[in-house]
Amino acid sequence: MSDFHIHVDAITLNDKFEDYLINQLGFWRSDFSGHPEGVEHFEPPHHLTAKLQTAAEFRRVFDQLVSYAEQQQSMKGYLEGEFIASDDDLKERPFDSFVKPPFTISKTTLAEGEFRETEIHVVLNRDKSDPALLQSLLDMGLYTAYMEKSYGTAQIFTAQGSRERIQEMLPALKNYLEMAGGAVNCSIKEERVAAWWLSEPGLRLPPVVGSVEWNS
């Protein structure tokens with residue numbers, strides 16, 4: 001597993017910048033492929049990724065990326081550098097509807113100039129996982145998008161926020177997924193922000209967890 005990821009999340013980017021990303025810095029396109037109909041969504045049109053092994057390599061590439069983006073004014077969007085704090089694959093088991101979700105979250109927007117501290121991603125096989133589990137994760141307040149994987153279409157459920165809030169939620173969500181079942185090709189991970197950059201103030205960023213209502 002690569003310890004560090006860098007993502008380019010762009011509303012627009014020019015061809016010269018994309019060529020620099022791919023041919024000079026080793027990025028590749030990892031675009032999202034839509035979202036369920038009728039849900040609020042936040043996936044950017046352009047999503048490129050690089051995976052790095054060491055902190056020194058991560059810092060070098062991220063600094064190069066920011067320098068180029070600032071000098072060339074080549075994109076509108078944001079850059080996020082992340083450390084993979086945990087990444088667990090979950091075993092398959094039939095869905096048990098009697099296992100109740102541990103919480104429901106309310107989301108809020110970040111103040112201008114702020115960025116999330118960390119996030120949870122639940123990644124699973126959209127077409128083979130139980131639809132009741134997918135709906136349950138949406139009802140809990142996670143937002144979602146699709147991405148193509150080797151096995152087909154993945155559905156990614158995300159919650160972002162402060163380290164304190166996310167680390168409170170993570171074990172409860174993992175336990176729910178293990179006990180409820182219904183997920184195929186499922187992993188749950190925490191990705192902590194190590195560096196970030198915005199092309200301009202006032203960008204619309206994904207929401208963060210504002211509050212958590214724990215279910216008894």
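The values are calculated or read from the model by the stated rules, or taken from the named source; none is laboratory data. This structure is a prediction, so every number in the text was calculated from the model and none was measured. In this analysis, Cβ positions are derived from the backbone assuming ideal geometry, glycine residues included, and neighbour counts consider all displayed protein chains.
Looking only at segment 86-111, filter to residues that are assigned to a strand (DSSP E or B) and among the charged types (D, E, K, R); which one of those is nearest to Ser216 (Cα to Cα)? Step through it out loud before you land on a result.
Of the residues in segment 86-111, the ones assigned to a strand (DSSP E or B) are 86-89, 103-108.
Right, trim to among the charged types (D, E, K, R) and you get 87-89, 107.
On the way: Asp87: 27, Asp88: 26, Asp89: 27, Lys107: 20 Å.
Ranking the candidates gives Lys107 first.
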- Query: For segment 1-26, which residues satisfy the criterion of being in contact with a strand residue (DSSP E or B) (Cβ under 9 Å, 6 or more places away or on another chain), free of Cβ contacts under 8 Å to residues at least 40 places away in the same chain and in a helix (DSSP H, G or I)?
  - Reply: Glu18, Ile22
- Go through segment 32-59 and give me each residue that's touching a residue at least 12 places away in the same chain (Cβ under 8 Å) and either part of a helix (DSSP H, G or I) or surrounded by fewer than 14 Cβ atoms within 10 Å (Cβ to Cβ) (or both). Ser33, Gly34, Val39, Glu40, Pro45, Gln53, Thr54, Ala55, Glu57, Phe58, Arg59
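Residues in segment 165-179: is at least one in a strand (DSSP E or B), in contact (Cβ under 8 Å) with a residue 24 or more places away in the chain and either surrounded by fewer than 19 Cβ atoms within 10 Å (Cβ to Cβ) or within 16 Å of the chain's Cα centre (by Cα) (or both)? Reasoning before the result, please.
Step one: filter segment 165-179 for residues in a strand (DSSP E or B), giving none.
Checking segment 165-179: not a single residue is in a strand (DSSP E or B), in contact (Cβ under 8 Å) with a residue 24 or more places away in the chain and either surrounded by fewer than 19 Cβ atoms within 10 Å (Cβ to Cβ) or within 16 Å of the chain's Cα centre (by Cα) (or both).
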- Task: Give just the number: which of (1) within 17 Å of Val208 (Cβ to Cβ); (2) assigned to a strand (DSSP E or B); (3) among the aliphatic types (A, V, I, L, M); (4) out of contact with any helix residue (DSSP H, G or I) (no Cβ under 7 Å at 6 or more places or on another chain) does Val123 not satisfy?
- Result: (1)
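Is it fair to say Ile11 is within 18 Å of the chain's Cα centre (by Cα), under 19 Å from Glu190 (Cα atoms) and among the hydrophobic types (A, V, I, L, M, F, W, C)? Before the answer, list the steps.
Numbers: within 18 Å of the chain's Cα centre (by Cα): yes; under 19 Å from Glu190 (Cα atoms): no; among the hydrophobic types (A, V, I, L, M, F, W, C): yes.
Taking the combined requirement at face value, the residue does not satisfy it.
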- Filter segment 124-155 for residues that are surrounded by fewer than 20 Cβ atoms within 10 Å (Cβ to Cβ) and of a type in the set (Val, Ile, Thr) and give the result. Thr153
- Query: Can we say Gly202 is among the small types (Gly, Ala, Ser), touching an Asp or Glu at 6+ places or on another chain (Cβ under 8 Å) and modelled with pLDDT under 95?
  - Reply: yes
- Item | Pick from segment 196-216, criterion hydrophobic (A, V, I, L, M, F, W, C) and assigned to a loop (DSSP other than H, G, I, E, B), ranking: farthest from Ala172 (Cα to Cα) | Leu203
- Message: Take the conditions over 18 Å from Lys51 (Cβ atoms), at pLDDT 95 or above and touching a Pro at 6+ places or on another chain (Cβ under 8 Å) and apply them to Gly77. Does it pass?
- Response: yes
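Determine which member of the set Asp89, Asp31, Asp3, Asp15 is of a type outside the set (A, V, I, L, M, F, W, C) and touching a Cys at 6+ places or on another chain (Cβ under 9 Å).
Asp89
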